[in-house]
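Below is one structure, written out as structure tokens; comments come after it.
The values are calculated or read from the model by the stated rules, or taken from the named source; none is laboratory data. Since we're looking at a predicted model, the values are computed, not measured. Backbone-built Cβ (ideal geometry, glycine too); neighbour counts: all protein chains shown. These accessible areas exclude ligands, DNA and RNA; they are computed on the full protein's heavy atoms, side chains included. Shrake-Rupley method; radii C 1.70, N 1.55, O 1.52, S 1.80 Å.
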Number of protein chains: 2
Amino acid sequence: MRRLFKNATILTMTGEEPLRNASLVVAGAEIFYVGTEPPEGRYDETVDLSGKLLMPGLINTHGHAAMCLLRGYGSDLPLQTWLEEKMWPMEARFGAEQVRWGTALAVVEMLKGGTTLFADMYDHMDEVARVVEESGIRASLCRGVIGLGPEEERREKLAESVRFAEEWSGAADGRITTMLGPHAPYTCPPDFLGEFVAASERTGAPVHIHLSETAFEVEQNVRDYGARPVEHLDKLGLLDRPTLVAHAVHLTDAEIELLAERDVKVSHNPGSNLKLGSGIARVPEMLRAGMRPSLGTDSAASNNNLDLLEEIRLAALIHKGNTLDPLAVSASEALRMGTLYGAEAVFLAQKVGTLEAGKLADFIVLDLSAAHLQPQERINDVISHVAYSAVHSDVLDVYVDGEPVVRDGVCTRLDEEKVVARANEALAKILG
Amino acid sequence: MRRLFKNATILTMTGEEPLRNASLVVAGAEIFYVGTEPPEGRYDETVDLSGKLLMPGLINTHGHAAMCLLRGYGSDLPLQTWLEEKMWPMEARFGAEQVRWGTALAVVEMLKGGTTLFADMYDHMDEVARVVEESGIRASLCRGVIGLGPEEERREKLAESVRFAEEWSGAADGRITTMLGPHAPYTCPPDFLGEFVAASERTGAPVHIHLSETAFEVEQNVRDYGARPVEHLDKLGLLDRPTLVAHAVHLTDAEIELLAERDVKVSHNPGSNLKLGSGIARVPEMLRAGMRPSLGTDSAASNNNLDLLEEIRLAALIHKGNTLDPLAVSASEALRMGTLYGAEAVFLAQKVGTLEAGKLADFIVLDLSAAHLQPQERINDVISHVAYSAVHSDVLDVYVDGEPVVRDGVCTRLDEEKVVARANEALAKILG
């Protein structure tokens, strides 16, 4: 199958200016050509994208998709009340059905919003993997493990995390990759984290972990282990493994330096960090240290949406306001955080994240015709339009591995109405 | 004309819980009834809003609509470079045509996003008023005046500001109200501001002015006039007039107290303040002092959109992150900022801002069916869905004075394609 997409404005995200009247040629699952002079030849399908923009699919590097069922539950409460009285009791009732339909609801929202790859950490991960298989989206999955229970339970959970990572790696025609998911330094004792390090060395699977989301947990770490979380994880050898840390809100200069030195990947979650009152991560300092933070939504229970365009916008806005520096994070940088840096964060930068010949054909098409994306004369920067003004409903088409998973704003593989109905039913069942 | 809207979820914004399976009856331009037991009788039109949400129209209390033409121009530059090298030279080329079509483009975007009332400060205001007349939107307009030129020019501009306020007050069947618009303390010398105070006393027109947007202008005010801007304006008697101040980012506790005491209205512009690196206004402190800050987008040149739902979301998010307090500004409070407090800010709270019998029928209908607004079981708070997850494309219908100005997402009075084309042409003409 060879497809020609022509007459588009293309953001390749390789650092070059937007291409005008440009073409993308897709052969099978791969990008064959991107530029302004497409090769002659026969195409199975030719798509005219006049007035439209084509760019890499968005990459959401941290979340808990199934928690989509809890969107708008207990909003605007103090963090501990929200967690202890709302989230945990309800999550304790989650079974396979809740995870399946909560995740499906999340995937519908993500796909329609232009996300082609999401990283997920949760329980009942086989269900999550099956939704990924069915929906056509790409995912980096891990079984999240809280290691505060008895020894035997911990052992089982670790084994389950490893089993999942090995069993599903490369599944769904390679669309699924896996990691190991020790939840956080404050929920996994040091020796248990050490076992994850060993498992990561043995299996080659990277580690996905929460880090320094709140000031409270940093203090707790110092109290319990005599070190701030970054130093703590480094001492345990965890940062020598390929590692993705989520949040990283409360960091000292020295911690940023160490994370940069260890090439640790960061998932910056601006929406969730704001909503929970966790704080504003030091993204400008990370960028200056040479880090390339990616973007995540966290769960819909703490965001309350899974709209990566919104995270891009927040990343481009809040650091300017917070540091009183209008140059803190540019629109281009925010778009890179939502694409290329996302691919790097889940260790897939060789395959996705930019539009280049040889990479996999994960891309999205945005309609630029609406009033909020006008004017489009030469002074009106299209990168700025995407970062500051586009919303998820501007996403028309979404391709993963060269195949359409959303067309004209409708999921091609998932039945959206059914997913919405089943998600509501699955939630209703546990409300009693 | 009597219209019955039934089976809706209704947010009246009067402080009560969302009404389920509720009805709104509109008689002519007014709300006749809102509640769950609508009066029997004949209706000229009955609209079934099952699965939809009805709430007051959104109110945008600060902006410069015509600058919509400059969306995405010179984004991500230092503030002074952006202003002096980009905005001012281009604005100097604006004539009536640019203001007309820039404003029309802005009004299309605002209406489709659920804004039923906008406050505007600019030049060529007769053109702005004509767009308001034609489009069906409601507006509080003022001719903005920079008083740094020669005496004669200042005198002409003041006269023009007063002429406009008097001539257009109550026009468009009462949809247009007016204010006087001295631009800011740093662009209007004290004696000139005094003349505005006198004009406001004479005409009864309120004052709309920029205040303490940047730390720089506060320092300048102290240097030039020996007082911070709030005290400065108060000494000039300006705060004794009904006054709406835009931005109010850099305020001391004493200034907040004084503004509260004088019942000064504030337009909080989170998107613009973040993007320009101006800072984060002390909204939680304002609320604690009893103030009721409203929301504004500022212009699309510094935002870069006119989406009041986004400002509501930013207001609900950024203060939590900035103060590390998840209770800083609740979803309900942010929605009030975008509706009722907006009506108060433009001195129209007797007429709009909530859904109550006797008020004007300015309201919007949101489609709640999409995945990003699910689930909708009893634990999933709909106020939270609107504040944190809804986007402008969820707005289906918009009514002003009981008449539809947007239906099924399409402007009924303005020809959107024509507006987009003319706006681009008007901009192209001044690019040379």
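Observations on the structure shown:
- Candidate set from the range A:318-346 (those that are within 7 Å of chain B (Cβ to nearest Cβ) and among the charged types (D, E, K, R)); member that is most open to solvent (accessible area, probe 1.4 Å): A:ASP325
- Any hit, the range B:270-289, residues being more than 9 Å from every other protein chain (Cβ to nearest Cβ), within 19 Å of B:LEU340 (Cβ to Cβ), in a helix (DSSP H, G or I) and without any contact (Cβ under 8 Å) to a residue 40 or more places away in the chain: yes
- Considering B:GLU133, B:GLU156, the condition of being acidic (Asp, Glu) and within 18 Å of the chain's Cα centre (by Cα) is satisfied by B:GLU133 alone.
- The C-beta contact set for the range B:146-165 (first residue modelled with pLDDT of 95 or more and of a type outside the set (D, E, K, R), second residue open to solvent by 80 Å² or more (accessible area, probe 1.4 Å) and assigned to a helix (DSSP H, G or I), distance under 9 angstrom, 6+ apart or interchain) comprises B:VAL162/B:ARG202.
- When the residues of the range B:33-83 are filtered to those that are away from chain A (no Cβ under 14 Å) and without any contact (Cβ under 8 Å) to a residue 24 or more places away in the chain, the one that is farthest from B:MET121 (Cα to Cα) is B:GLU40.
Conditions tested, residue by residue: (1) farther than 30 Å from B:ARG71 by Cα; (2) part of a loop (DSSP other than H, G, I, E, B); (3) more than 12 Å from chain B (Cβ to nearest Cβ); (4) open to solvent by 30 Å² or more (accessible area, probe 1.4 Å).
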| site | (1), (2), (3), (4) |
| --- | --- |
| A:PRO375 | no, yes, no, no |
| A:ARG378 | no, yes, no, yes |
| A:ALA390 | no, yes, no, no |
| A:SER393 | no, no, no, yes |
| A:PRO404 | yes, no, yes, no |
| A:LEU414 | yes, yes, no, no |
| A:LYS418 | yes, no, no, yes |
| A:ALA423 | yes, no, no, no |
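- Just so you know, in the range A:290-301 the residues that are within 15 Å of the chain's Cα centre (by Cα) and within 12 Å of chain B (Cβ to nearest Cβ) include one that is nearest to A:TYR73 (Cα to Cα), and it is A:ALA300.
- Which listed residue is of a type in the set (Gly, Ala, Ser) and open to solvent by 10 Å² or more (accessible area, probe 1.4 Å), from A:GLY290, A:GLY296, A:GLY271, A:GLY279: A:GLY290
- Wholly within the range B:24-138, strands (runs of 3 or more DSSP E) carrying at least 1 residues that are of a type in the set (Lys, Arg) and either modelled with pLDDT of 95 or more or open to solvent by 40 Å² or more (accessible area, probe 1.4 Å) (or both): B:52-56
- Filter result (over 24 Å from B:THR177 (Cβ atoms), open to solvent by 10 Å² or more (accessible area, probe 1.4 Å) and among the small types (Gly, Ala, Ser)) within the range B:199-258: B:ALA215, B:GLY226, B:ALA254
- Selection count where residues are among the hydrophobic types (A, V, I, L, M, F, W, C) and over 19 Å from A:GLU91 (Cβ atoms), scope the range A:130-166: 7
- The one condition from (1) crowded, with 24+ Cβ neighbours inside 10 Å; (2) part of a strand (DSSP E or B) that A:LEU427 does not meet is (2).
- Scanning the range A:166-185 for residues being over 22 Å from A:VAL352 (Cβ atoms), in contact (Cβ under 8 Å) with a residue 24 or more places away in the chain, more than 18 Å from the chain's Cα centre (by Cα) and surrounded by fewer than 21 Cβ atoms within 10 Å (Cβ to Cβ) gives a total of 1.
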